[in-house]
Amino acid sequence: MGVTPTGPLRPGRVLVLGGTGEARRLAGRLVEQGIAVTSSLAGRVAAPVLPDGAVRVGGFGGVEGLTAELGGVAALVDATHPFAATVTAHAAAAAAATGTPLLRLQRPGWTAGPGDDWRWVGTLEEAAAAVRGYGSVFLTTGRQGLAVFAGLTGRCLVRAVDPPAPPLPARTTVVLARGPFTREEERALMVEHGVEVLVTKDSGGGMTAAKLAAARALGVPVVLVRRPPLPAGVPTVATVGEALAWVRATLSPPAGTPRP
Ligand code: NAP
């Protein structure tokens, strides 16, 4: 990576599977460089922050639907959230079926530092078991999958962008908010609600990392859900810059390079 070829770009658009800040930034950079891009959003959020360039919204209809969509696509970048494992698997299958060049853009996960009390679990169900018995739990895993926490009897603070659907824990307070949040805001929220334990997915990135710093400062333990594995055989990068270089190299490979 790091190569920025300068030749004419191969015709055909780039499809970015989005729903993340990285996907939005990549679309913006592609538009700046005059590369035709369509971003795809699942349509889960009522009022999403839209990327530059063309946008389509809604599921494709499984691997078959996505495969059909890849007809005029010169390169596919799967920049979906680290926990959006289904669409990531679909992208790998559809790209393989059509011979479409595919890149996975996934930000690095979080790593514990001095003073952190982190407890890793494999699933949301394990996270629910790990926080059973706590008097006040802060759930920041998003509004999908909250049903597994429904049996908790302590107070639960749920933060999500859109209102979560039942079933929810009996003593739930919902805070509707979209990051980024500052460490001070997170600290104040956790103090206000007497939070005793924080639950989060290992989403990585800076947008929602302040809660981890606030938990550390308050001595609050954190239950982290491990990421699902990456799809086998798909090149993966961690930054928007690397993804941009890959797109450029894919659309305009150096002379003599066989096309994928
Ligand atoms: P998922 O479980 O991997 O995907 C479920 C289905 O949603 C897919 O089979 C696909 O439907 C559709 N889908 C997902 N992402 C799509 C996209 N970018 N464009 C078009 N269709 C998409 O996904 P998820 O975990 O529900 O996440 C949905 C979206 O929210 C993703 O775009 C993701 O980047 C974003 N997001 C997820 C999380 C999270 O914690 N999971 C957090 C923040 C943002 P079809 O099979 O019909 O094509």
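A short reminder: the numbers here are calculations on the coordinates, not readings from a lab. These figures come from a predicted structure and were not determined experimentally. Here the Cβ positions follow ideal geometry from the backbone for every residue, glycine too, while neighbour counts run over all protein chains shown.
Here are some notes:
- Normalised by residue number, the volume inside the convex hull of the Cα atoms of region 94-156 is 141 Å³ per residue.
- Alpha-carbon centroids, region 88-138 and region 165-242: separation in whole Å: 11 Å
- Calculated from the alpha-carbon coordinates, region 118-225 shows an Rg and a Dmax of 12.3, 32 Å respectively.
- Sorted on the mean count of surrounding Cβ atoms within 10 Å across their residues, most packed first, peptides 119-128, 22-31 read 22-31, 119-128.
- Highest average first, the peptides 77-86, 161-170 ordered by how many other beta carbon atoms sit within 10 Å of their residues are 77-86, 161-170.
- The C-alpha radius of gyration of the chain, expressed as a fraction of 2.2 N^0.38 Å, stands at 1.11.
- Mean-square fluctuations from a GNM of the chain, with a 10 angstrom spring cutoff on Cα atoms, peak among LEU102, LEU41, LEU218 at LEU218.
- Across region 118-225, the relative contact order, built from alpha-carbon pairs under 8 Å that are at least six residues apart, equals 32 percent.
- Relative contact order (%) - the chain, alpha-carbon pairs under 8 angstrom, separation at least six: 24 percent
- Helical content alone sets the calculated 222 nm signal of the chain at -8500 deg cm²/dmol, taking -39,500 (n - 2.57) per DSSP H segment of four or more residues and averaging over every residue.
- The convex hull built on the alpha-carbon positions of region 44-163 has an orientation-averaged projected area of 10.1 nm².
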